[in-house]
Amino acid sequence: MYESSEQIEVPSDRDVETQVLELERGLAAPPAPDPQARGRRRPWGRGGARRAGSVDVSGSNVLRGFLGGTQAAELRAEAITAWFGDRKVLDRVSLTMPAGQVTALIGPSGCGKSTFLRILNRMHELIPSASLAGQVVLDGQDIYAPGQRVTDARKKIGMVFQKPNPFPAMSIYENTVAALDLTGTKASREERDFLVEESLKKASLWDEVKDRLHQPGGGLSGGQQQRLCIARAMALTPEILLMDEPASALDPSSTRRIEETIADLRGEVTIVIVTHNMQQAHRISDQCAFFLAEHNAPGVIVEYGDTEAIFSNPRDQRTDDYVNGRFG
Amino acid sequence: MTTRMTDEMVPAPRTPETGSGAGTFTPRDELPPLLHEPERVRTRPPLLERLGLPLGSIAAAVALGLMLGPVLGIIGFGWVPVTAFFWMLVTYIALTRLTENGPAVKDRFVGVLLASAGMIVVALLALVIGFVGWRALKIVGSLRLSFFTTDMGLTGPLSPLKEGGALHAIVGTLEQIGIALVITIPLGIATALFLNEIGGRYARLVRTVVEAMTALPSVVAGLFIYASVILLFTKQFNGFAAALAITVLMLPIMIRSADVVLRLVPGNLREAGLALGAGQWAVVRMVVLPTVRSGLTTAIILATAHGIGETAPVLLTSGVTSNLNWNPFNGPQISLPLAALEFIKSPQPDMKTRGFAVAALLLLLVLVLFVVARLLGGQQAGEITDRQRRRRATQSVRDMSRIESNHAEIAAHLAALRGSDPTQGASR
């Protein structure tokens, strides 16, 4: 973004000299601290922190995701067919998940929603008997194309599981930035500190845990653990966040907090959520896809579209029956 | 429902029929204030009843056993405990039947059998340790530090107890088990990881082989090393060969225990790591292994306990000597269990006493190793002591301001850069 000065175009509504100065600051490593930031700086805590002014913010790998506004990208599944052994569980499922929106996958148990979700970040292939056909396109590139690294796809497409699963041997702090060490991403302490607060704030957990960050992550309540998992998935600023029934193991008030968190993340990341809770799908999603597997047949998308339309005016009788609780 | 009840009155229980149609009730509103705590009812039987029956049965059984055995001479002395045990069961069940019905009697019967099994195990262990300790006590009178600092090289069979010591055996045991652990721990954990994290048909074969190896007689392991290392290469007894023989016996124990522990790691932890974009090795190193640290410690303890007491393979590979030998690669080197065996084989009572002292020392050494291992690695992942909790709390509060200021600083930088980014306006 700051590699060459040719890229600089000056918007009309800003003072040219300020622009150039600020850009040079971005170019320079380390950049001089912003005068405003200096004014707001708090007294340093003990623990030997270097001044954040020495952080090369613009050249930092971990902070790159925070430079360019929204990271959200469109995810497009094209004609996904999936098998477990000889059993076909999905048949030519295509779905476009628009950037920055929340897409809910609904449908009765065993209709292939979770399989579809796991195909979206290549977790499907962890099961030895599993195979698939079709494409998953992110940023104009099929993540299943030869030469595409599975770890790269998963870095861009985060996932939150049904059961909260913070790493038991790690503290809240370590859990939040676990992705750094796990993916071998170098980060200074200042960058880690920033990521911890930023990610926990995104998961609306910061205020509850900021004074006990070094306690084990397993000591939190179920709902807090799940939000810790959201923070952990958000730390490397993924473009997509997949959620597999993230609130089904939680009580109603924790569920509400998770839903609020999802609402906060809307726009920042593309969210795909599997849920069995019809009201939840209605409350939180922009788009809705109804999956169904007829008896002894693979799962398909019966209907998809705007959530409002799916719930108020579905085209298919089966969708109507399902969203109104008449079967499933 | 229209009349407001005063707090002193106890509201009559109401049913929906007496109310005004199909409404709901809010029972707390009509509850009088709590003036006295309700009297507590204990559902457990009183202490006398719980302890009286078993203790009475045991007393009756012991009395009968003693009467039939030593007093009347009807049964041999060895049969006294057996008779007493069965009589205790009979008395206890008969007495229970007086007040309880069928299922409860069965529960008590099985309960007594299980508790007895536990007691027999504890009693056997206590008997072994007590016997060794009691026989070793004789040396305490003449015990001095020299027992730990001298060998038996200059001590004849008729020398008094205060002469000679077990230093040569202590050194031998520590060196041999040390070398064995250096080989066993990495190889064992690596094999267990292979069985769990990679798997496949070859892994199933390896698992079967490992299971078969646990049944390998120790003397066979000793002979194997004797034939493959001593006869072929070293041409003489040495401690390293003994360590190798012990390793052959420790490895299957280590692999099997580590395998069981690794299998208990929830699959969703591995998935969570992989879903973050990690490689498999990173997940193993940073998620799986830290999670099972306590279990792996137990595996190491089990393997050590198995290996440290091995006698036959050491006899076949390292030989018997009365002299101290620091070099495990050259010349015979005795270990504690082998030394105990050699001492106890001797006809002199003082030598026998030395044997029991060495055995007691071995028990003590194992105990120390266990305590150290538990202290170092015994903590379950995610469980912390109160002291750690307090220290982490202090640390958390201390670091909070650092984190917040670092965050504010970087956030301000980012805001400045974003504000100045010309492409930003277009992409937004």
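Just so you know, all these numbers are worked out from the coordinates, no wet-lab data involved. Predicted model only: the values in this text are computed from it and were never measured. As a convention, Cβ positions derive from the backbone with ideal geometry for all residues, glycine included, and neighbour counts pool all protein chains shown.
Quick notes on this structure:
- Counting Cβ atoms of other protein chains within 10 Å of each Cβ in A:227-239 and taking the mean gives 1.
- The calculated FRET efficiency for B:ILE58 paired with B:LEU367, based on their beta-carbon distance and R0 = 25 Å, is about 0.20.
- Only helices reaching 15 angstrom along their own axis (Cα) with mean Kyte-Doolittle hydropathy no lower than 1.0 count here, and for the DSSP H runs of chain B these are B:47-66, B:79-99, B:102-142, B:167-193, B:239-263, B:349-377.
- If you bin all the Cα-Cα distances of the protein assembly as shown at 20 Å, starting from zero, the percentages per bin are 12, 28, 31, 22, 6, 0.
- Most mobile of B:ASP29, B:ASP259, B:ASP107 in a GNM of chain B (Cα contacts under 10 Å): B:ASP29
- Neighbour-count order for A:MET123, B:MET213, fewest beta carbons within 10 angstrom listed first: B:MET213, A:MET123
- Taking every alpha-carbon pair in the range B:274-428 and binning the separations at 10 Å intervals from zero gives 9, 18, 19, 17, 14, 10, 7, 5, 2, 1 percent.
- Karplus 3J(HN,Hα) series, Hz, for the range A:199-211 with 6.51 cos²θ - 1.76 cosθ + 1.60 (x for Gly, Pro): 5, 5, 5, 4, 8, 6, 10, 3, 4, 7, 10, 5, 9
- Residue order, fewest to most beta carbons within 10 Å, for B:THR150, B:THR99, B:THR291: B:THR99, B:THR150, B:THR291
- Highest-first arrangement of B:241-253, B:115-127, A:127-139, where packing means the average Cβ count within 10 Å: B:241-253, A:127-139, B:115-127
- Of the peptides A:93-100, A:146-153, B:153-160, A:229-236, the order by per-residue mean of other Cβ atoms within 10 Å, starting with the highest, comes out as A:229-236, A:93-100, A:146-153, B:153-160.
- Once both labels are positioned 7 Å from their Cα atoms along Cα-to-Cβ, the gap between B:ALA305 and B:ASN101 label points is 4.4 nm.
- For chain B, a/c is not less than 1.5, where a ≥ b ≥ c are the root eigenvalues of the C-alpha gyration tensor, and a/b does not top b/c. That puts it in the oblate class.
- Restricting attention to the protein assembly as shown, close to 55% of DSSP beta bridges with both partner residues there are antiparallel.
- Think of the range B:167-377 as a dipole: +1 on every Lys or Arg Cβ, -1 on every Asp or Glu Cβ, centred on the Cα centre; then among B:LEU205, B:VAL248, B:ALA258, B:LEU205 lies furthest on the positive end.
- Take each residue of peptide A:170-178, count the partner chain Cβ atoms within 10 Å of its Cβ, and average: the result is 3.
- For the range B:27-43, 3J(HN,Hα) per residue [Karplus equation, 6.51 cos²θ - 1.76 cosθ + 1.60, θ = phi - 60°, Hz, x = Gly/Pro]: x, 5, 5, 9, 7, x, x, 7, 8, 10, 4, x, 5, 7, 10, 8, 8
- GNM flexibility winner over chain B from B:GLU100, B:GLU342, B:GLU175 (Cα, springs under 10 Å): B:GLU100
- Distance between the range A:238-267 and the range B:307-363 - C-alpha centres, whole angstrom: 65
- Taking all C-alpha pairs of the range B:167-377, those more than 21 Å from each other amount to 58 percent.
- In chain B, the calculated helix contribution to ellipticity at 222 nm averages -21500 deg cm²/dmol per residue, counting -39,500 (n - 2.57) for every DSSP H run with n ≥ 4.
- For the range A:152-166, 3J(HN,Hα) computed residue by residue from phi via the Karplus equation (6.51, -1.76, 1.60; θ = phi - 60°) reads 5, 4, 5, 5, 7, 10, x, 9, 10, 9, 4, 8, x, 9, x Hz, glycine and proline entered as x.
- Less than 5 angstrom separates the built amide H of B:ILE75 from those of B:GLY69, all sequence-distant by 5 or more or on a different chain.
- Using a Förster distance of 45 Å, the FRET efficiency for A:SER221-B:PHE148 (Cβ separation, nearest 0.05): 0.25
- Taking other C-beta atoms within 10 angstrom as a stand-in for reagent exposure, B:MET400, B:MET67 fall in the order B:MET67, B:MET400, fewest first.
- Interchain or long-range residues, amide H under 5 Å from A:TYR144's placed H: A:VAL136
- Residues whose amide H comes within less than 5 Å of that of A:THR81, counting only those at least five positions distant or on another chain, are A:ARG92, A:VAL93, A:ALA133, A:GLY134 (H built at 1.01 Å from N in the peptide plane).
- Taking every residue in A:206-215 and counting other chain Cβ atoms within 10 Å of its Cβ, the average works out to 5.
- Note on chain B: with a GNM built from Cα contacts shorter than 10 Å, the maximum mean-square fluctuation among B:GLN379, B:GLN236, B:GLN280 falls on B:GLN280.
- With semi-axes defined as the square roots of five times the eigenvalues of the C-alpha gyration tensor, the equivalent ellipsoid of the range B:47-142 measures 32, 19, 11 Å, largest first.
- Compared with the alpha-carbon gap, the fully stretched path from B:ALA227 to B:ARG28 is longer by 63.2 nm at 0.36 nm per residue.
- Added length on full extension, which subtracts the Cα-Cα distance from 0.36 nm per residue, B:LEU47 to B:SER322: 93.2 nm
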